[in-house]
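K.L.:
My questions all concern the structure below.
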Amino acid sequence: MPTTTSTNVPYRLERAGIVMEPEPGNELEAEGVLNPGSGHDASGALYLLPRLVATGNVSRVGLARVLVSDEGVPVGVEREGVVLAPDRGFERGANNAGVEDPRVTFIPALGLHVMTYVAYGPLGPRTAIAVSDDLREWRRLGPVTFTYDDALDIDLGLFHNKDTVFFPEPVTAPDGTPSYAVLHRPMWDLGETRPGEGVRLPAGVTDARQSIWISYVPVEAVERDLAELTRWTRHRFLAGPEFDFEEVKIGGGPAPLRVPEGWLLIHHGVTGVIDNAFAQQQRVNYAAGAILLDGDDPSKVIARTAVPLLAPETEEERSGIVPNVVFPTAIEEIDGQHFVFYGMADSKIGVARLLHT
């Protein structure tokens with residue numbers, strides 16, 4: 001895979017506080033509130049859609065209005081209940097269930113908030129999609145499927161997949177087709193669900209570490225049928241682990257943000273040891289970095305950070321259900337300033353200012 005040499009990403013993150021933590025006595029939040037999606041409603045009010053983890057590690061997606069100080073900084077939330085629960089068959093297994101880690105992108109061309117989330121069903125984590133025009137009522141489009149690409153010599157639908165998020169506006173795919181682009185992170189070890197199958201890699205891929213891929217959905221197809229958002233095509237590798245803070249794996253974060261330099265992708269990099277892909281980890285370190293993608297062709301990496309923009313340093317980031325985790329999942333603008341919302345040790349939700357350097 002190509003190596004990126006430029007590390008000139010002119011952005012940094014500055015902590016701004018904690019915006020949400022588990023509510024005492026609330027069983028739905030007994031094992032943490034974390035990794036939120038986000039969006040504005042028709043009135044302009046800002047909301048988080050946090051992952052709420054109940055006893056037994058069962059996740060739901062909640063809705064919480066963000067409270068903003070007079071200085072324009074998020075300082076807390078008002079809860080408005082649960083908007084998505086694991087009540088479909090593809091979200092429930094015999095020994096597990098959950099709707100996890102929502103990423104929410106508002107796509108003006110569709111007039112919809114598009115949520116990608118992890119449906120933790122019978123075969124483990126699988127990407128699914130739901131849509132809403134008000135952040136409160138969500139219509140499931142179902143699990144994602146992947147068109148077969150003979151050049152890759154592999155069926156991406158066989159693999160677990162996480163960290164999926166759509167771009168907010170159509171882009172031109174490498175074949176020239178106007179498309180909705182989506183980032184995702186395939187997990188190549190089939191042995192996780194079928195012991196003995198081991199790691200399978202696409203043709204041309206030699207590094208088995210989990211990396212960021214990009215796929216596309218033709219705009220024309222979505223205009224005919226909104227359900228086409230679940231049928232991803234033209235898959236290609238985008239970025240893999242390259243620097244020390246990404247030694248184990250990387251994954252996408254919030255929806256890419258259009259900036260003067262192109263597309264800014266806040267991502268996470270992982271170091272340490274993963275003991276079991278489906279267990280709550282105790283020996284990892286998650287930090288936030290950034291990747292700049294070409295504004296005309298987001299399948300091209302322009303630059304990326306060689307060191308984290310934000311790493312676990314505070315007590316809330318270092319101690320929790322999964323210690324040493326900074327996990328960015330949402331980015332929103334408030335009074336002309338962008339803020340990144342992130343999971344803190346799989347237990348709380350923090351916020352950081354995004355600043356141009």
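Each value in this text was obtained by applying a stated rule to the coordinates, not by laboratory testing. In this text the structure is predicted, and so the values were computed from the model without any measurement. Because the Cβ atoms are built from the backbone with ideal geometry, glycine has one as well, and the counts that use them run over all protein chains shown.
K.L.:
Can you tell me, using C-alpha contacts under 8 Å and at least 6 residues apart, the relative contact order of the range 27-129 as a whole percent? Can you show the working numbers first?
P.N.:
Details: 250 pairs, mean separation 22.3, N = 103.
The normalised contact order for the range 27-129 reaches 22 percent.
K.L.:
Excluding Gly121 itself, calculate the net charge of residues whose Cβ lies under 9 Å from the Cβ of Gly121, where each Lys or Arg counts +1 and each Asp or Glu counts -1.
P.N.:
Working: positive: Arg88, Arg92, Arg126; negative: Glu91.
Local net charge: +2.
K.L.:
Compare the peptides 28-40, 204-216 by average per-residue count of other Cβ atoms within 10 angstrom and give them in order, highest first. Mind dumping the intermediate values first?
P.N.:
Working: 28-40: 24.4, 204-216: 18.6.
Highest mean packing first, the order is 28-40, 204-216.
K.L.:
Charges on Cβ only, +1 for Lys and Arg, -1 for Asp and Glu, centred on the Cα centroid of the range 11-356; of Ile212, Thr145, Val171, which one is farthest towards the dipole's positive end?
P.N.:
Thr145
K.L.:
Right, here's the next one. Taking Cα pairs under 8 Å and at least six residues apart, what relative contact order does the chain come out at, in percent? Could you put the intermediate results ahead of the total?
P.N.:
Numbers: 1004 pairs, mean separation 63.2, N = 357.
About 18 percent, as a whole number.
K.L.:
Okay, next question. Largest first, please: the extent of the C-alpha atoms of the range 216-357 along each principal axis, to the nearest Å.
P.N.:
Cα spread of the range 216-357 along its principal axes, largest to smallest: 48, 38, 27 Å.
K.L.:
Over the range 272-357, what relative contact order in percent results from Cα pairs under 8 Å that are six or more residues apart?
P.N.:
On the way: 160 pairs, mean separation 18.4, N = 86.
Dividing the mean separation by the residue count of the range 272-357 yields 21 percent.
K.L.:
Could you please report the charge total around Ser211, scoring K, R as +1 and D, E as -1 over all other residues with beta-carbon less than 13 angstrom from its beta-carbon? Can you show the working numbers first?
P.N.:
Numbers: positive: Lys162, Arg185, Arg209, Arg236, Lys249, Arg304; negative: Asp163, Asp207, Glu242, Glu246, Glu247.
Neighbour charge sum, excluding Ser211 itself: +1.
K.L.:
Using packing as a proxy for protection, rank 153-161, 48-56 so that the peptide with the highest average count of other Cβ atoms within 10 Å comes first. Intermediate results must be reported in sequence, preceding the final value.
P.N.:
Numbers: 153-161: 18.2, 48-56: 22.8.
Per-residue mean Cβ counts within 10 Å order the peptides as 48-56, 153-161.
K.L.:
What would the Debye formula give as log10 I(q)/I(0) at q = 0.12, 0.23 Å⁻¹ for the alpha-carbon point model of the range 185-270, no solvent?
P.N.:
After summing over all Cα pairs, the log10 values are -0.50, -1.19.
K.L.:
Treating only the Cβ of Lys, Arg, Asp and Glu as charged (+1, +1, -1, -1), what charge dipole size does the chain show about its Cα centre? Round to the nearest 20 debye. Walk me through the intermediate numbers first.
P.N.:
On the way: 30 positive and 50 negative charges, 102 e Å.
The dipole magnitude comes to about 480 debye.
K.L.:
Only counting other Cβ atoms within 10 Å, I'd like Ser319, Ser43 sorted with the fewest neighbours first. Please report the intermediate quantities before stating the final value.
P.N.:
On the way: Ser319 13, Ser43 5.
Least to most surrounded, the residues fall as Ser43, Ser319.
K.L.:
Here's a follow-up. Name the residue farthest towards the positive end of the dipole of the range 11-356 from the options Pro108, Val53, Val33, assuming +1 on Cβ of Lys and Arg, -1 on Cβ of Asp and Glu, about the Cα centre.
P.N.:
Value: Val53.
K.L.:
Cα atoms only: what Rg and Dmax, in Å, come out for the range 71-166?
P.N.:
15.6, 54
K.L.:
Could you pull out every residue, at least 5 positions away or on a different chain, whose amide H is within less than 5 Å of the one on Ala303? Hs are placed 1.01 Å off N in the peptide plane, and Pro or chain starts have none.
P.N.:
So Ala303 has HN proximity to Leu292.
K.L.:
Right, next: What order do you get for Phe90, Phe166 when you list them from fewest to most C-beta neighbours inside 10 Å? Show your work: numbers first, answer last.
P.N.:
Values: Phe90 16, Phe166 23.
Listed from fewest to most nearby Cβ atoms, that is Phe90, Phe166.
K.L.:
Give me the net charge for the shell around Arg65: Cβ to Cβ below 9 angstrom, other residues only, Lys and Arg +1, Asp and Glu -1. Provide the component values of the computation, followed by the final result.
P.N.:
Numbers: positive: Arg79; negative: Asp41, Glu78, Glu80.
Residues near Arg65 contribute -2 overall.
K.L.:
Counting each pair of different Cα atoms once, what's the Kirkwood radius of the range 175-215 in Å, rounded to one decimal? Before the final figure, lay out each step's value.
P.N.:
Details: mean 1/r = 0.0826 Å⁻¹.
Evaluated over the range 175-215, this radius sits at 12.1 Å.
K.L.:
Grab the beta carbon distance between Leu226 and Arg65, set R0 = 25 Å, and tell me the FRET efficiency rounded to 0.05.
P.N.:
Numbers: r = 27 Å, r/R0 = 1.08.
So, using R0 = 25 Å, E works out to roughly 0.40.
K.L.:
Further question: (i) 18.7, 58; (ii) 20.9, 62; (iii) 23.1, 75: which one is Rg and Dmax of the Cα atoms in Å as calculated from this entry?
P.N.:
Here Rg and Dmax of the Cα atoms in Å agrees with entry (i).
K.L.:
Can you grab the distance from the C-alpha centre of the range 279-322 to the C-alpha centre of the range 173-207, Å, no decimals?
P.N.:
20
K.L.:
Out of the DSSP beta bridges found with both residues in the chain, what percent are antiparallel (nearest 5)? Mind dumping the intermediate values first?
P.N.:
Numbers: 103 of 107 bridges.
Here the antiparallel bridges make up roughly 95 percent for the chain.
K.L.:
At 222 nm, what value in deg cm²/dmol follows for the chain if DSSP H runs of at least 4 each add -39500 (n - 2.57) and the sum is divided by all its residues, to the nearest 500?
P.N.:
Mean residue ellipticity at 222 nm (helix-derived): -500 deg cm²/dmol.
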